[in-house]
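Engineer: Got a structure for you, written out below as structure tokens; questions coming shortly.
The values are calculated or read from the model by the stated rules, or taken from the named source; none is laboratory data. These numbers were taken from a predicted model, which means no experiment stands behind them. When we count neighbours, we look across all protein chains shown, and the Cβ atoms used for this are built from the backbone with ideal geometry, even at glycine. Accessible surface areas use protein heavy atoms only, side chains included; no ligands, DNA or RNA. Shrake-Rupley method; radii C 1.70, N 1.55, O 1.52, S 1.80 Å.
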Amino acid sequence: MATTANKNINAKLVLLGDVGAGKSSLVLRFVKGQFVEFQESTIGAAFFSQTLAVNDATVKFEIWDTAGQERYHSLAPMYYRGAAAAIIVYDISNQASFERAKKWVQELQAQGNPNMVMALAGNKADLLDARKVAAEEAQVYAQENGLFFMETSAKTATNVNDIFYEIAKRLSQVQPAPNPSGMVIMDRPTERTASAACCS
Amino acid sequence: MDTVASQSSSSSSSVMFYDFLDKMRNPASLNLVKSIKSFIVSFQFSSANPENDSKRVQEFFSTMEAAIMEHPLWAGATDDEFDCSMEGLEKYIMTKLFSRTFAISPEDVQIDQEISEKIHMLQSFLRPEHLDIPPFLQNEASWLLAEKELQKINAFRAPREKLHCIMSCCRIINNLLLNASMSENHVVGGADDFLPVLIYVTIKANPPQLHSNLKYIQLYRRQEKMVSEPAYYFTNLVSAKSFIVQLDAKSLSMDEIEFEESMQAAKLDCKVSQLEASQAQTDPLPSTRMHGMKTNIDGRSNYPYMEAEPGELTVEDVERLLSLYKDVVTKYSNLCRAVRHPSATRTGPSLPVPKGRDDILLQLEGQAQMIREEKAEVSDTPKGC
């Protein structure tokens, strides 16, 4: 139960992935499918919040969707700055979206928060006939790069809750280092933060 | 004129502000008032430095937060009441320090102007398709509402209220997207749809001092409030601004040559209007100009509603406003076409622009004449020629 949890974590989670990979469908499936007593959720068009109870902690996800079109790529750092977690989404029926996902992974590794929990989601897993990206290939890639990997389907809900639950679990275990704030736009370091960091 | 949302918010924000002022008038809060006043005074004696100023203000908010929390006047206050007092404090401090903290550096003023000019140029040719905005999201009425929210940003001085304008704008777009996904049975597009619409709306709105407003909110809004949904929407507008600043031929779904030509034409258009504006300003006796031209220079005397207040308008005015609107649009599109024409063909080596302008001026003159005749028929206009 959320009310008995002794650790409250606010976690900014950023969604990255090619346009049409199903980022927001995935989140909507998660946000709408959860019900936690006394906890509000937000269902916007591009911003979502939802709370999950795991072990001894309550994790409130603040989910930031990003525009996947190539022309907005350079804006992404403003969104992932200060994020405690990221889900990088690709479409298993689209090889290009997998290549794009790898780019995101590299970029986050180079510029993101080193404690960031990263998940790779091969979405549209229901489209087996149209599969272009082998699950094994993605699994190997994820292992080599220290991510965890799941194939998901927003349509059938396969693994949707699981991926968020796994992130929540990892966040509750992370010993947080001081986190850069989620809101530094003008390159000003701020002391306050609303990210994963909960007092240890 | 105002939307319901912004009315209710501004009334609730004034309630919380008066509540704060009331508490400050209470003799028990004398020590708080003293700290606030001495903080404001201390600001007047130091030179402006946005980074440092922001740090000082944010630290002061934290200090005051602690002081208020322990103050007997707030004993038993709920979190909401306490938060209201902090919002009141932010508004009070930042209203007092506004002229010292907003758009203070010449660089910021310069950036504001550059952004505004670039947006002005983009407005002349940018269409939703250039940002791949799907037709089911092209809702002019809803966009107009969102634009108006952004344009209100300079009506406020408190960072919270400025941020609220951004929030209202984004919520309108948010609702448009949600409605579209429900009624049209489209897959939810999320940020893939949200950001392009916000960029387009920002370009249409050309909000005043965009860069300075964003910087001011970033620096002076209470940091603990710059999280979650407000932070998300704020970040979106910052990224929209950044996209617009970096925007070049490759940023749009548009032929690169067409883009360059449109920008050139818009630049020329800009220069023409700047020239006219400066002529109008420097000419001491505009009435000595050639007959029929003077009304065109600043354009205002043709448009009797320029000084009108919303309350003065009657239903009859709508028809008149519509016809004036059509005139303005016709003139503007003629002007654009005429200015673009010589630069697109590039045939005549001998100053094609002045020739083009002669044509436009002739056209404008004709239209001005028509308007004057029309105007004579309308008796109840608030201002005459």
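Engineer: Can you name the residue in region B:128-157 that is within 14 Å of chain A (Cβ to nearest Cβ) and small (Gly, Ala, Ser) and is also farthest from residue B:199 (Cα to Cα) among such residues?
Structural biologist: B:142
Engineer: How do the strands (runs of 3 or more DSSP E) wholly within region A:46-162 filter down when requiring 3 or more residues that are within 14 Å of chain B (Cβ to nearest Cβ), touching a residue at least 40 places away in the same chain (Cβ under 8 Å) and surrounded by 24 or more Cβ atoms within 10 Å (Cβ to Cβ): which remain?
Structural biologist: Correct list: A:57-65, A:85-91.
Engineer: Can you confirm whether region B:141-155 contains a residue that is over 15 Å from residue B:205 (Cβ atoms) and either open to solvent by 50 Å² or more (accessible area, probe 1.4 Å) or of a type in the set (Asp, Glu) (or both)?
Structural biologist: no
Engineer: Continuing with the same structure: Spot the failing condition for residue B:125; the list is (1) in contact (Cβ under 8 Å) with a residue 40 or more places away in the chain; (2) more than 14 Å from chain A (Cβ to nearest Cβ); (3) in a helix (DSSP H, G or I); (4) open to solvent by 10 Å² or more (accessible area, probe 1.4 Å), and only one is missed.
Structural biologist: All conditions are met except number (3).
Engineer: Can you confirm whether residue A:21 is in contact with a Phe, Trp or Tyr (Cβ under 6 Å, 6 or more places away or on another chain), part of a loop (DSSP other than H, G, I, E, B) and of a type outside the set (Phe, Trp, Tyr)? Give the derivation first.
Structural biologist: Numbers: in contact with a Phe, Trp or Tyr (Cβ under 6 Å, 6 or more places away or on another chain): yes; part of a loop (DSSP other than H, G, I, E, B): yes; of a type outside the set (Phe, Trp, Tyr): yes.
Yes.
Engineer: Six or more apart or on different chains, Cβ atoms under 9 Å: show the pairs whose first residue is in region A:5-34 and over 15 Å from residue A:65 (Cβ atoms) and touching a residue at least 24 places away in the same chain (Cβ under 8 Å) and whose second is open to solvent by 40 Å² or more (accessible area, probe 1.4 Å) and in a helix (DSSP H, G or I).
Structural biologist: Sorted first by the residue in region A:5-34, then by its partner, the pairs are A:33/A:161; A:34/A:161.
Conditions tested, residue by residue: (1) of a type outside the set (A, V, I, L, M, F, W, C); (2) on the phi > 0 side of the Ramachandran plot.
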residue: B:76; (1), (2): yes, yes
residue: B:90; (1), (2): yes, no
residue: B:102; (1), (2): no, no
residue: B:114; (1), (2): yes, no
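Engineer: Take residue A:172 and decide whether it is within 14 Å of chain B (Cβ to nearest Cβ), modelled with pLDDT under 95 and either open to solvent by less than 20 Å² (accessible area, probe 1.4 Å) or part of a helix (DSSP H, G or I) (or both).
Structural biologist: Criteria not met by residue A:172.
Engineer: Going residue by residue through region B:72-87, is there one that turns out to be part of a helix (DSSP H, G or I) and under 28 Å from residue B:208 (Cβ atoms)?
Structural biologist: Yes; the residues of region B:72-87 include at least one that is part of a helix (DSSP H, G or I) and under 28 Å from residue B:208 (Cβ atoms).
Engineer: Quick one: would you say residue B:195 is within 28 Å of residue B:125 (Cβ to Cβ) and open to solvent by less than 30 Å² (accessible area, probe 1.4 Å)? If you could, list the steps in order and put the result at the bottom.
Structural biologist: Working: within 28 Å of residue B:125 (Cβ to Cβ): yes; open to solvent by less than 30 Å² (accessible area, probe 1.4 Å): yes.
Yes; evaluated as a whole, the condition is true for this residue.
Engineer: In addition: Could you tell me which of the residues B:90, B:59, B:51 is within 25 Å of the chain's Cα centre (by Cα), of a type in the set (Asp, Glu) and open to solvent by 40 Å² or more (accessible area, probe 1.4 Å)?
Structural biologist: Checking each option against the conditions leaves just B:51.
Engineer: Here's a follow-up. Of B:108, B:80, B:132, which residue is without any contact (Cβ under 8 Å) to a residue 60 or more places away in the chain and of a type in the set (Asp, Glu)?
Structural biologist: Sole residue among the options that is without any contact (Cβ under 8 Å) to a residue 60 or more places away in the chain and of a type in the set (Asp, Glu): B:80.
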